[in-house]
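Asks: After the structure tokens below, expect a handful of questions from me.
The values are calculated or read from the model by the stated rules, or taken from the named source; none is laboratory data. Quantities reported herein were computed from a predicted structural model and do not represent experimental measurements. Neighbour counts are summed over all protein chains in view; Cβ atoms, including those assigned to glycine, are modelled from backbone coordinates with ideal geometry. These area figures cover heavy atoms from the full protein model, side chains too; ligands, DNA and RNA do not enter into them. Shrake-Rupley method; radii C 1.70, N 1.55, O 1.52, S 1.80 Å.
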Amino acid sequence: MAVGPRALLYRLRALWRRREVDVWYDEAYRLPLSGLEFSGVDPRRSDFAAWWLRESKAVAPAWWRTPRRVSYADLSRLHTPELLESLSRPEALAAVFGVDPSDVPVDEVMRTVRLATGATLEAAREALRRRRPQLNLLGGFHHAGPGSAGGNCPVNDIGVAVVTLRAEGFAGKVAVLDLDAHPPDGVAASLATDPDHWIGSLSGSDWGAVPGVEETLLPPGTGDEAYLEALAALLARMPRSDLAFVIAGGDVLRGDRLGRLGLTLGGARRRDVRVAAHLDRTPSVWLPGGGYTPHAWKVLAGTGMALSTRSLEPIPEDYDPLAARFAGIARRLPVELLSDPGELTADDLAEALGMRPQRQRLLLGFYTAAGLEHALQRFGILEQLGRLGYGHFRLEFDQAPPGERVRILGESDGQEHLLVEAVLEKRRVAGHPVLYVHWLMLRNPRAQFSDRRPRLPGQDVPGLGLAREAGEVLGLMALRLGLAGVAYRPAHYHTAFPARDHFAFVDPARQGRFEALVRDLADLSLLEATRAVDEGRVLLDGEPYAWEPHEMVFWLREAPHEVGEVAHERERARFTLGPPQARSDAPAGP
Ligand SMILES: [Zn+2]
């Protein structure tokens, strides 16, 4: 959780060698789509990269730039009125991002898109003015054309920037180097009539000839060395330009669901360092493009490091950006803000005298409702709920034996909805006092289930897309309360799976079987996997396997775990997929 000595050394070296680069970023770069993670996109990618670049000091405080939303006048220079009009409809944006229309708060999504596009435009102006590289932490929407949107690209930020600069009198040569794993069809369409441009691309997907693009198609699993060779050849053919756009795609990574090139993080960094050196005297604007693995943010952060320090040093393996960020915020939260000062109010006196019903004043004997609400505000969670369309939040505590219940309610369209419900208890697990989570529900009642957003076992409405944040908050609460960890009983595969980085089953053999299950179901999506387990279609050593909802714990200090026993069971257990079985209804609960 904390930054170790290796990261500290890293910061010092980074400070020593860095060169100036402007970095464009806004907290609203996170797309407010609660179902986005379902399609494999982590909406936190820009945040994670920004937090790392800030914390590692690879980017100096003075280099951060805040974007402004691009105007519809500038968007209209490239895009047809029909396309721009369609983007005011949830159905059109839902199709672009692969989510359900009920999940699209149009104005907030367009705010994100317009901020990113405004940043690419302003970064291009700044690159020409200041002649130093610019990095925009969202953008490179290379599949959108003048009259078409798709593939996570609602508008074409590069196209809008070029057309606008041309209107402002820029007559120099523009080069676009597209290193995303997919071809720049939308960039080619957007620049088709531009008088002086070149587009080069390295792709791992064969979409046929893309007119106007110097395309190198690489086979699946190309890997670092062959990729870097092809890059060198493309750079040798790249003409000198007066302004370059680089799409430093994150979907080149090995294991990417949509890209097939199979690069390592080190290979992606070498790519960026080489291109940065090649473009040394050319004003350049760098953009992230796609990226569909949990490590995509490291490619983007690595692009920032390549630009500022030319460093090839990896981001420490154990650095978890969300944990580091939340722990930092928690350290700065004063205790007296979270808890009760201990003074009796008139209300307390009235309750004590039996003049009014008792309220539960403290959660777990510590947090006041106002204190917890304040903390959620500081962690940015209420802001996210706000962007999803909720406001006027209210926190409630009451008794729900064997635990205490906390509920977060929020208003939308004049109605109050239950958004979060948790039942918590301090109790001992494996001999240690832990924060026990009997129940945790994250609900987005505005969103609906559909083909794009299927119902997971145990859900009554779709989730909020904030499970990772909730896990970090529970860990920090346990830490604040002096407990050894956080524990819960995952009732389904999909409620254990996302927790697997922090949590482990108390029973080492159970943990071994879980790790074997994750290994053997790796080819299935999370939805397919959890349904297969739930429907009894998964076999353990040939026999139908019933999910074992045992306790999992996130140990905050050290894990009292027998590593050998875990490994033994993991190697022994073999899971396979069998034919559909009679459905056994899994126990209710989270
Ligand atoms: Zn791509």
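Asks: Could you order the peptides 476-483, 189-196, 134-141 from most to least packed, using the average number of other C-beta atoms within 10 Å per residue?
Replies: Going by the mean number of other Cβ atoms within 10 Å, highest first, we get 134-141, 476-483, 189-196.
Asks: OK, next. What percentages, rounded to whole numbers, describe P(r) for the chain computed over all alpha carbon pairs with 10 Å bin width beginning at zero?
Replies: 3, 16, 25, 25, 18, 10, 3, 1, 0
Asks: In addition: Report, largest value first, the span of the C-alpha coordinates of the stretch 220-269 along each principal axis, in whole Å.
Replies: 36, 19, 18
Asks: So, one more: Please name which of 172, 210, 189 has its Cα lying farthest along the dipole of the stretch 158-216 towards the positive end, using unit charges on Cβ (Lys, Arg +1; Asp, Glu -1) and the Cα centre as origin.
Replies: 172
Asks: Using Cα pairs under 8 angstrom and six or more residues apart, how large is the relative contact order of the stretch 152-305, in percent?
Replies: Averaging sequence separation for qualifying contacts and normalising by length gives 24 percent for the stretch 152-305.
Asks: Shifting gears a bit: Report the net charge of residues surrounding residue 126, where surrounding means a beta-carbon distance below 11 angstrom and charges are Lys +1, Arg +1, Asp -1, Glu -1.
Replies: +4
Asks: To the nearest 10 square angstrom, how much accessible area does residue 320 have with a 1.4 angstrom probe?
Replies: Spelled out: residue 320, probe radius 1.4 Å, area about 30 Å².
Asks: A further question on this structure: Roughly to the nearest percent, how much of the accessible area of the chain is carbon and sulfur, given a 1.4 Å probe?
Replies: Roughly 53 percent of what the probe reaches on the chain is carbon or sulfur.
Asks: Determine ³J(HN,Hα), in whole Hz, for all residues of the stretch 25-37 in sequence, where each value follows from phi through the Karplus function 6.51 cos²θ - 1.76 cosθ + 1.60 and θ = phi - 60°; x replaces Gly and Pro.
Replies: In residue order, the calculated couplings are 7, 9, 4, 7, 5, 6, 5, x, 10, 5, x, 5, 4 Hz.
Asks: Relative to the longest principal axis of the C-alpha atoms of the chain, give the angle of the C-alpha long axis of helix 45-55, reported between 0 and 90° and rounded to the nearest 10°.
Replies: Tilt relative to the chain: about 90 degrees.
Asks: Here's something else I'd like to know. When a/c is below 1.5 the answer is rounded, else prolate if a/b is larger than b/c, else oblate, so apply that to the stretch 402-451 with a ≥ b ≥ c taken from the square roots of the Cα gyration tensor eigenvalues.
Replies: Since a/c reaches 1.5 but b/c is at least a/b, the shape of the stretch 402-451 is classed as oblate.
Asks: While we're here: Would you mind working out the accessible area per residue for the stretch 467-579, using a 1.4 Å probe, and quoting it in Å²?
Replies: Heavy-atom accessible area per residue stands at 44 Å².
Asks: Per the Kirkwood formula on distinct C-alpha pairs, the Rh of the stretch 456-497 is how many angstrom?
Replies: Hydrodynamic radius (Kirkwood, Cα only) of the stretch 456-497 equals 11.9 Å.
Asks: What is the dipole size for the chain, taken about its Cα centre, with +1 at each Lys and Arg Cβ and -1 at each Asp and Glu Cβ, in debye to the nearest 20?
Replies: The dipole of the chain has a size of about 1780 debye.
Asks: Amide H to amide H under 5 Å from residue 176: which residues, 5+ apart in sequence or cross-chain, H placed 1.01 Å off N in plane?
Replies: The answer is 198, 199, 200, 245.
Asks: Quick one: the Cα spread of the stretch 443-521 along its three principal axes, in angstroms, biggest first?
Replies: Computed over the Cα atoms, the extents are 38, 36, 16 Å.
Asks: With each run of n ≥ 4 DSSP H residues scored as -39500 (n - 2.57), what mean residue ellipticity at 222 nm is computed for the chain after dividing by its residue count and rounding to the nearest 500 deg cm²/dmol?
Replies: It lands at -11000 deg cm²/dmol.
Asks: Would you please state which residues of the stretch 262-286 a label at residue 230 would reach in this model, taking the label point 7 Å out along Cα→Cβ and a backbone N cut-off of under 19 Å?
Replies: 262-276
Asks: Another question about this same structure. Assuming 1.567 mPa s and 4 °C, estimate D for the stretch 264-331 with Stokes-Einstein, Rh taken as the Kirkwood radius over Cα pairs, in µm²/s.
Replies: 98
Asks: Solvent-accessible area per residue for the stretch 63-202 at a 1.4 Å probe radius, Å²?
Replies: 33
Asks: At a probe size of 1.4 Å, how large is the accessible area of residue 198, to the nearest 10 Å²?
Replies: Here the residue's solvent-accessible area equals roughly 30 Å².
Asks: Also, quick follow-up: Find, among the trypsin sites (Lys or Arg not before Pro) in the stretch 60-113, those assigned to loop by DSSP (not H, G, I, E, B) with at most 14 other beta-carbon atoms within 10 angstrom.
Replies: Those satisfying the criteria are 68.
Asks: Is the shape of the stretch 498-563 rounded, prolate or oblate, going by the alpha carbon gyration tensor and its root eigenvalues a ≥ b ≥ c, with a/c under 1.5 for rounded and a/b larger than b/c for prolate?
Replies: Verdict is prolate for the stretch 498-563.
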